[in-house]
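Each remark here refers to the structure printed beneath this line.
Computed from the coordinates by the stated procedures, all read-outs in this text should not be read as laboratory data. Every value quoted in this text rests on a predicted model; they were computed, and no experiment measured them. Positions of Cβ are backbone-derived with ideal geometry, glycine not excepted, and every protein chain shown enters the neighbour counts.
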Amino acid sequence: MFLQDQTGGANVPSANVPVAPGYVPPQVPMVMPVPDRPLGCPPGLEYLTQVDQLLVHQKVEVMEVLMGWETNNQYVVKNSLGQQVFFAAEESDFCTRMVCGPVRSFLLHVQDNVGQEVMALSRPLNCGSCCFPCCLQEYPALHFEQVTERNLQPSTMATNNGYPTDLQPQKNAINPAPPYNQGPAIPGQGQVPVMPVPQRPAGCPPGLEYLTQIDQLLVQQKVELAEVILGWETNNKYIVKNSMGQQVFFVAEENDCCNRQFCGPLRSFVLHVQDNMGQEVMTLTRPLKCGSCCFPCCLQELEIQSPPGNPIGYVIQNWHPFLPKYTIQNEKKEAVLKIVGPFCSCRCCADVNFDVLSVDESTKVGRIAKQWTGLVRETFTDADNFGISFPMDLDVKIKAALFGACFLIDFMFFEHNK
């Protein structure tokens, strides 16, 4: 007589039934063996083709038990035999967890038993009340195969100037930019003149070849009538021009209504940067952080990706009791430049300058200036103009990071309803 074990696994002898001499109970491996992947199955999900049940165990965090502080959740996923199938870990910052609690936005990374990330579960910040049916929760599950040396051999990797074509932005492909009603600008049809596409040098990310030919950028935020008349915060849109007035990029914010209305200028966001052909060439991502100098552990930061999904730089706020300071980092998170702003960012009839300095803050190499746009516009709108200047021979990735810093500064100091 045999009974099934508690895990639903192999049949083992009952404790009340005599066993045959030499009987050895079958050993169930701790992790689920990797099954063959059928045709059409995304990499890493072949485990799910062999199971009809999953058990999700959340790990107990000592910090939560003792201190009551919310930590990043971690889960172990097993099949009906008790074998581990996946491991899931939450990625969110301290401020989001403590302030927003269970309503917080997050990113869950799902890994298989060899540590390969096979799924990403992304949840935006939405309200949790049934009183707001326009802002209900959503939870898209994104599967992807990381383009790394483990799953793409150099000999079979299609590249363009050293960049894998799988990482290059493809219009209306895997990660299409939302429809921002900004089509390609065609000269001679009443639209803003556009900058000609220069030749892309070796090592330059696709779409950033425009930055190799300029040392100044003008960022103009579009005036939204809904903000002026109703006072409702809308997704920001920007037109980026060179010193000749030619359009270089178009930038559009992607955000939900609750995040904009409740979090205001502190909100997290994703900015999509498109060239004049509507191709997304950069993505600027800002997580939800607190805005007070009293919390130096939760300062502001911005990640610059080009092509989207490939980080090339970071903007990190540095703690200071009364001056706005930032560090520009490269893709290896090494400090390259510093940005230092004024003690007071409110000036009438004058520009507000944020100086771009060397790492030791001894040499000035550029400037990010919030330009005065006139009394009426400054009083009744939060649409701002910025000028960015940097050396012509500066690394194009660092130029892109300075470009991203302009938007972080805008949200932190100038994005407020009049």
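Numbers below:
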| read-out | value |
| --- | --- |
| Residues with amide H under 5 Å from that of F106, placed H, sequence gap 5 or more | R123 |
| Computed FRET value (nearest 0.05) for E64 with N318, which takes r as the C-beta separation and R₀ as 25 Å | 0.25 |
| Qualifying trypsin sites (Lys or Arg not before Pro) in the stretch 299-361, DSSP loop, other Cβ atoms within 10 Å at most 10 | K332 |
| Per-residue HN-Hα couplings for the stretch 391-401 [Karplus 6.51, -1.76, 1.60; θ = phi - 60°; Hz; x = Gly/Pro] | x, 4, 8, 5, 3, 4, 5, 6, 4, 5, 5 |
| Burial ordering of V356, V240, V197, V365, fewest other beta-carbon atoms within 10 Å first | V197, V365, V240, V356 |
| Cut-off 11 Å (backbone N to label point 7 Å along Cα→Cβ of D215), residues of the stretch 390-414 | 390-394 |
| Inter-label distance, nm, simple model (7 Å from Cα along the C-beta direction), L230/T71 | 4.4 |
| Extension gain from A202 to K333, taking 0.36 nm per residue of separation minus the Cα-Cα distance | 44.9 nm |
